[in-house]
Amino acid sequence: MVVIKFKESPKDTISDILIKDQKIYISSWDNFIYLYDFNAQSLIHKIQNTSPILKMLHSENSIYSENLIYSEDSINFDNLIYADSCGNLNFYDQHKQNTKKIKFNLPGISTINTFKNMFIIGGYTNKLWLYSERGLFKSINLEDKVYNSLLINTELVLNYGNKIKIYDIRNFKVLREINNKKQIRTICIRENKLYIGDVEGKMKIHNLDTKEEIIINAHFEIQGNVKKVYPVNCIINEGNLYSCGSDGVVNKWKEDGKLKCNKIFKNKQGIIKMASYGERLVIGSGYNYENGVGETTENDIFMI
């Protein structure tokens, strides 16, 4: 397998990876988004923000709001949208290279989803914000802060840490609740399966139709007679199932019949984020605070 290491990488922890139209977007706690050419793996541009960037999104809708700081222009959502630790939703126009902001009453926005012409935003408080195409805001009280989320058709999946709740976004009724013993770090849905990765190295596969569950030790190593577990930081499944963890390993899983694991990549640092595009994987490494405060300046990016 060919492993390509990018020449330039973020100076602080990687928060998100997004790939679209032969371009790779990597956001970081160093206040920048790094834009790379997919084929050349070279840095094209850096987008600077005033605070750490937590989540990115591409949307093809158009929206107008009088609440925007540049309200004379409509926003083309075909460009990049990103959320930051100061509670701003930022709209970056790649042609004009300017940014328009909406300020939410959140200390940090870590999740963004879109439903029709509405944004669904969550973060570091127990509120979910809905922002409509007319510039109207509505907040919904939640039982806890939201770590990450997914929206599949009309079903909104929220990760509260030790539990997952699935809501009907049209009326916000709870459709399903799934508990986990340990802190959930990542979630993924593919067809009728919900994949959950937690801080103790386990991957849970929950069948949404039958409610059957498979729990696997996904990221661990044996040191002498001791099993050391590592957090599962990211799970993706766009036809192939991959998991990555703080052990620096990327696993490819085969689900036909008995679940089988193939270790396809190993790095000296943990793997924090990854994204797939065609037959390639883009992998973001770094330290993810498993042992408290540590060195976060080395954040290599790889393509395999």
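Summary table below
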quantity: E212 vs. criteria of a type in the set (D, E, K, R) and on the phi < 0 side of the Ramachandran plot; calculated: yes
quantity: Tally, over region 171-186, of residues that are touching a Gly at 6+ places or on another chain (Cβ under 8 Å) and surrounded by fewer than 21 Cβ atoms within 10 Å (Cβ to Cβ); calculated: 1
quantity: Some residue of region 60-69 being of a type in the set (G, A, S), under 29 Å from S132 (Cβ atoms) and at pLDDT below 95; calculated: yes
quantity: N225 vs. criteria loosely packed, with under 12 Cβ neighbours inside 10 Å, farther than 29 Å from D30 by Cβ and either without any contact (Cβ under 8 Å) to a residue 60 or more places away in the chain or of a type in the set (K, R) (or both); calculated: yes
quantity: Selection count, region 204-230, where residues are over 25 Å from M1 (Cα atoms) and touching a Ser or Thr at 6+ places or on another chain (Cβ under 6 Å); calculated: 0
quantity: Selected residue [farther than 27 Å from I14 by Cβ, polar (S, T, N, Q) and either in contact with a strand residue (DSSP E or B) (Cβ under 6 Å, 6 or more places away or on another chain) or at pLDDT 95 or above (or both)] from N251, N179, N225, N233; calculated: N179
quantity: Complete set of residues in region 28-42 that are closer than 13 Å to D300 by Cα and assigned to a strand (DSSP E or B); calculated: S28, Y34
quantity: Residue ID - surrounded by the fewest Cβ atoms within 10 Å (Cβ to Cβ), chosen from residues in region 144-159 that are part of a loop (DSSP other than H, G, I, E, B) and in contact with a strand residue (DSSP E or B) (Cβ under 8 Å, 6 or more places away or on another chain); calculated: T154
quantity: Which numbered condition E298 misses (of (1) at pLDDT below 95; (2) surrounded by fewer than 19 Cβ atoms within 10 Å (Cβ to Cβ); (3) not in a strand (DSSP E or B)); calculated: (1)
quantity: Entirely in region 163-274, the strands (runs of 3 or more DSSP E) that have 3 or more residues that are under 30 Å from S139 (Cβ atoms) and touching a Leu at 6+ places or on another chain (Cβ under 7 Å); calculated: 163-168
quantity: Meets criteria (more than 19 Å from I17 (Cα to Cα), free of Cβ contacts under 8 Å to residues at least 40 places away in the same chain and not aromatic (F, W, Y)) for L259; calculated: no
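Yes/no matrix, rows are residues, columns are (1) more than 18 Å from T50 (Cα to Cα); (2) free of Cβ contacts under 8 Å to residues at least 24 places away in the same chain:
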site	(1), (2)
L80	no, no
L106	no, yes
T111	yes, no
M118	yes, yes
K127	yes, yes
S132	yes, yes
N141	yes, yes
L150	yes, no
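The values are calculated or read from the model by the stated rules, or taken from the named source; none is laboratory data. Please read all numbers here as calculations on a predicted model, not as lab measurements. Please note: Cβ atoms are built from the backbone with ideal geometry, for glycine as well, and neighbour counts cover all protein chains shown.
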